[in-house]
Amino acid sequence: MFALAESPTQIDAGKTTAGVFESTFFHFRYELPKGWFALDDKVRIADNEKRYEAAAQETLEKQGPSTPAHTTSTVVPYSLLWRAGRP
């Protein structure tokens, strides 16, 4: 497991109502384009955490583990919103 400076739950804090996503962590609103729909917030948060964990694991595998002579640090982007095709 990898740790963010803030927990993913805090970063993902927000909700979508009537086609508008509002982030309580970043204090912004985003109106979804016409015809788009939002995932249930719990599903979105779980999916974001899985994507983050997979990206962090891939980065760590490329860099190699920490050793007494070398400390491995990873910086992995965290994507709050994703656009995907229709289900």
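Does at least one position in region 4-14 carry a residue that is of a type in the set (Gly, Ala, Ser), modelled with pLDDT of 75 or more and surrounded by 10 or more Cβ atoms within 10 Å (Cβ to Cβ)? Yes: region 4-14 contains one or more residues that are of a type in the set (Gly, Ala, Ser), modelled with pLDDT of 75 or more and surrounded by 10 or more Cβ atoms within 10 Å (Cβ to Cβ).
Here's the yes/no breakdown for (1) exposed (fewer than 10 other Cβ atoms within 10 Å of the Cβ); (2) at pLDDT 80 or above; (3) under 22 Å from ALA18 (Cβ atoms):
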position	(1), (2), (3)
GLU31	no, yes, yes
ILE45	no, yes, yes
ASN48	no, yes, yes
GLU53	no, yes, no
SER66	no, no, no
THR74	no, no, no
PRO77	yes, no, no
LEU80	no, no, yes
GLY85	yes, no, no
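Considered as a group, the residues in region 11-44 that are in a helix (DSSP H, G or I) and either farther than 17 Å from TYR78 by Cα or not charged (D, E, K, R) (or both) include one that is nearest to the chain's Cα centre (by Cα), and that residue is ILE11.
The values are calculated or read from the model by the stated rules, or taken from the named source; none is laboratory data. Owing to the predicted nature of the structure, the values given are computational and were not obtained by experimental measurement. Positions of Cβ are generated from backbone atoms using ideal geometry, with glycine treated the same way; all protein chains shown enter the neighbour counts.
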